[in-house]
Structures are given as structure tokens and as C-alpha cells.
Amino acid sequence: MSGEQSLFGIQGKRFMVLGGGQGMGESTVRLLSSLGASIAVVDVEHERAARVAREYGREGVSLRPFQTDVTDDAALIATVASIEREMGPLDGMATVIGMAAWSSLLEMSEAVWDLDHRRNLRYFFIAAREVARALQRRGAPGSIVAVASVDGLVSSPNHASYGAAKAGLVNLVKTMAVEWAELGVRVNAVAPGGIVTPRLPLTDPEAERRGMASLPMRRRGTTDDIAKAVAFFLSEMTPYVTGQTLAVDGGYTAVGVFSHRHTVRPGTTLGMNTP
């Protein structure tokens, strides 16, 4: 066992990663596998899950692909049961699924609102409930991690349905943490800021740099940045941490109304009429 594996205490454990076929989910699978965990790689596209399972499998760990549509309640419940039958009892899960519909509130339909809640909030309730029930039956501890968004911590203009769902996710994590603490089940969330992903690739570095001028770290994050935060919560590095949401956002949520680069002369009083 390497020093890292011993430190994280993940070796030999089994996790389900929903959305493990690309982006932040793929990075999470790669990191957990390197730390000695066996992983059920779940994705809406079987080919993506299979590729990730092949690529990051290694001696001593088992990576198996599973296909499911998380917005199909019955299919999701069946998938969790199948994973436990085929791979053995789970020690926890990470969910890295979410998508935003872009629309102003005045133009948003009820269908769009409901879709964003199904694919950003409802599925997590169902998946986490099923994993927690399995842990309860065995009397075993576990860890559950949701990937939320900074849009659930601040406003989300023109994608309000997504922001509201992610805010609900942050709150649900707190409630799960309280209800399931006596079972030994910890529940936490990671809230990414702007991350370079397959859906939002880095196309023009100079334009990106200019666009990030008001962000303290002045760059978008990587999928590995998120994977490290997820692994942190799943691991034995956080045995006394539950109900928390960690913003991995380059300082985005730390910036106030005034830019951190705005210079104020000593003795100046800021008010509504300050130029």
C-alpha cells in the first residue's frame, strides 16, 4: 500500500460514480482507482462508461461499466441493486451529473423547470436513498458526495431552474447528513465554479484570461480539481465532516459586489453615490 493510499483509506472500498463516463466524473474515477478503490462507472452512454472502465482499471481493483438514465426512477433504482449484486456492497457514491437549460424566467416553461429538477436534484435523492438503505441494512458506515454548483450558492440569471435545483441539492445534503449521521453515513457536496469540461472546452486561452479578469485565480478550474475534492470527502481524511458544501471556484464566491482589483483611496467612504 502506498503512502497516499494509506492516508486516504480508500483502498479496497467500492464506490458508485454516477456520470463517470467523461469530464469531472471520469477524473473522479481515475483518481479513486489510483487510490485502490473499485468503482461502478455509471453513465447514460454505455460506450463512455466502458471506455473509462477499460482505461483506468488496474490490478487489485475492479472497474465495471453500467448504463442508466438517472431521470428514469425505476432504472436508477434497478442499477444500484445490480451494482451491489455484481460488485458487492457499496461503501458510498459520488454523483457528477447536471445540466442547465438556458432561459429567462419570463420565458421558461414548466417542462423546462421540471427537467432541470429531475436531472440535477431528484435523481440524487433517489440514488442516495438507495445507497443509504443498503448501508443501513448492513449496519455499515459510508460516504456520499454530490457535485452541486456555485449557481446553487449565488443567483443564476437565465438558468434559474438549474440554480434552484442546485440550491435544493445543497440543502438536501444538509438534511441527509443530519438524518443519516446516526447510521454512520456522511453526506457532503462539492460546488464547482467555472470548469473546463468536454461540454465547455478551453478554446481561446487569451480570451479566457481576459474573461477571468475579475476572478481571483484568473483561470477556469480543471476536472481534476473537482475529483480531488470529491475524493477528499469520500476518504478517511474527513471522518468528522458531514453536511458541508465546498466551493471549488477559484475564489468566485469570495468576491463581493466590488471587484477585488478595485482600488479605493485611503479615507474614501463608499456609498450609493460613489463613482
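Tabulated values for the structure
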{"item": "Matching option when the condition is hydrophobic (A, V, I, L, M, F, W, C), in contact with a strand residue (DSSP E or B) (Cβ under 6 Å, 6 or more places away or on another chain), buried (at least 19 other Cβ atoms within 10 Å of the Cβ) and at negative phi, among A165, A160, A146", "result": "A146"}
{"item": "Restricting the stretch 189-206 to residues that are at pLDDT 70 or above and not in a loop (DSSP other than H, G, I, E, B), the residue that is farthest from the chain's Cα centre (by Cα)", "result": "I195"}
{"item": "Residue under evaluation M108, criteria (1) under 23 Å from V248 (Cβ atoms); (2) outside any helix (DSSP H, G or I); (3) in contact with a Ser or Thr (Cβ under 7 Å, 6 or more places away or on another chain), criterion not met", "result": "(1)"}
{"item": "Search result, residues across the stretch 30-52 that are without any contact (Cβ under 8 Å) to a residue 40 or more places away in the chain, part of a helix (DSSP H, G or I) and open to solvent by less than 10 Å² (accessible area, probe 1.4 Å)", "result": "S33, A49, V52"}
{"item": "Per-region count, the stretch 72-105, residues over 17 Å from the mean Cα position of the chain (by Cα), closer than 30 Å to A140 by Cβ and either free of Cβ contacts under 8 Å to residues at least 60 places away in the same chain or not in a loop (DSSP other than H, G, I, E, B) (or both)", "result": "16"}
{"item": "Test: residue in the stretch 126-138 that is closer than 22 Å to V44 by Cα and modelled with pLDDT under 95", "result": "no"}
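The values are calculated or read from the model by the stated rules, or taken from the named source; none is laboratory data. Quick caveat: nothing in here was measured; it's all calculated off a predicted structure. Reconstructed Cβ throughout: ideal geometry from the backbone, glycine too, with neighbour counts over all protein chains shown. Heavy atoms of the whole protein, side chains included, go into the accessibility calculation; ligands, DNA and RNA do not. Shrake-Rupley method; radii C 1.70, N 1.55, O 1.52, S 1.80 Å.
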